[in-house]
Structures are given as structure tokens and as C-alpha cells.
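The values are calculated or read from the model by the stated rules, or taken from the named source; none is laboratory data. Because the structure is a prediction, the values reported are computed rather than measured. Every residue, glycine among them, receives a Cβ derived from its backbone with ideal geometry; neighbour counts consider all protein chains shown.
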Amino acid sequence: MTKRVLMIEDFPVMQKFYKNALEQEGYQLDVADDGEVALRMVAETDYDVILLDMLLPNVNGIEFLERFSSRPPQTKIIVLSDFTDESRIKRARELGVSDYLVKSDYPPSELVKKLNELDGVSATTDDAKGQS
């Protein structure tokens, strides 16, 4: 079964950068370019993983986490941001993120490895590979 990922990222180059690698690995990827759109999407669809940027239009990453606090327990949220402010990282962890990654440290191949390491998230089944 293909795992569903929602990437909440407003920068088109970054969207494409990660999208190609994740889809090639077999993940089904949806993209939201602002936090408000993402909140509507998570209300309609159950995602296995949410990749969340912190600096977003309309609803920022922390506000998204606060408003999405009643998420299904199986949904993992990974922050993928350039912000390294300790107070922001601490607040994101308090709000239940699975991990907080700095974009410059996680090129697409490393992000795929990270996702595959998450319990129950790997999309590397024979049926999922190669489908885009």
C-alpha cells in the first residue's frame, strides 16, 4: 500500500526538489503551499506523514500544529525547516512532532531514508515502487 505524505511548503523549488525523490521512492505526495490550505486537506484526508515548513503564508507551522492537535495518532509530523531557533524547536516538539529537520542537512535522498526509518511508514513495497 502506498503511503500518503502531505508536504506543506510554500517555495515551489523546494516542493519540486523533494517531490521527485519521494514519488520515485513510491510515496503518494500531496502539496499545500500554505498552512490554511493544509488544514483543509488534513480535515479531508488521512496522511501517514506530514512534512511541515515553519514559515508559511496565512497559517505558520506552529499555528498549524496548534490547530491540528487532534490528529490521528498514526500521523507522523516532521518539521523540515531552515529555522534553528531553540524556542521554536522546543514548541514544535511540545506539539508532538516526530522530528525537526533542518532543510540544508536533509537533501531528498536523506529525507527518503528518514521516512523509511519511521515505524510503519516505508513506501518501498513492490506495488508502490515506480508508480507516480
Could you give me the residue pairs with C-beta distances under 9 Å whose first residue belongs to region 85-113 and is under 16 Å from Ala21 (Cβ atoms), whose second residue is assigned to a strand (DSSP E or B) and polar (S, T, N, Q) wherever it lies, and which are 6+ apart or on separate chains?
-> Leu101/Ser81; Lys103/Ser81
In region 74-111, what residues are over 19 Å from Asp48 (Cβ atoms) and charged (D, E, K, R)?
-> Asp82, Asp85, Glu86, Arg88, Lys90, Arg91, Arg93, Glu94, Lys103, Asp105
Restricting attention to region 105-118, does a residue exist that is at pLDDT below 90, surrounded by 13 or more Cβ atoms within 10 Å (Cβ to Cβ), at negative phi and part of a loop (DSSP other than H, G, I, E, B)?
-> yes
Write out, first by first residue and then by second, each pair whose Cβ atoms fall under 6 Å of each other, whose residues are 6+ apart or on separate chains, and whose first residue, in region 45-56, is aromatic (Phe, Trp, Tyr) while the second is part of a loop (DSSP other than H, G, I, E, B).
-> Tyr47/Thr75
Kindly list the number of the only condition in (1) surrounded by 15 or more Cβ atoms within 10 Å (Cβ to Cβ); (2) of a type outside the set (Val, Ile, Thr); (3) modelled with pLDDT under 95; (4) under 14 Å from Leu6 (Cβ atoms) that fails for Leu39.
-> (3)
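Would you check which residues across region 65-75 are in contact (Cβ under 8 Å) with a residue 24 or more places away in the chain and either over 13 Å from the mean Cα position of the chain (by Cα) or under 23 Å from Lys16 (Cβ atoms) (or both) and list them? Lay out the reasoning, then the answer.
First, the residues of region 65-75 that are in contact (Cβ under 8 Å) with a residue 24 or more places away in the chain: 65-69, 71-72, 74-75.
Of everything in region 65-75, those that are in contact (Cβ under 8 Å) with a residue 24 or more places away in the chain and either over 13 Å from the mean Cα position of the chain (by Cα) or under 23 Å from Lys16 (Cβ atoms) (or both) turn out to be Glu66, Arg67, Phe68, Ser69, Arg71, Pro72, Gln74.
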Inspect all residues belonging to region 57-68 and state whether any of them is part of a loop (DSSP other than H, G, I, E, B) and closer than 20 Å to Asn116 by Cβ.
-> no
Hey, any hits in region 19-26 for a residue that's surrounded by fewer than 15 Cβ atoms within 10 Å (Cβ to Cβ) and either at pLDDT below 95 or under 11 Å from the mean Cα position of the chain (by Cα) (or both)?
-> yes
Quick one: Lys19 ticks every box in (1) in contact with a strand residue (DSSP E or B) (Cβ under 9 Å, 6 or more places away or on another chain); (2) under 28 Å from Ser87 (Cα atoms); (3) assigned to a helix (DSSP H, G or I) bar one, so which box is it?
-> (2)
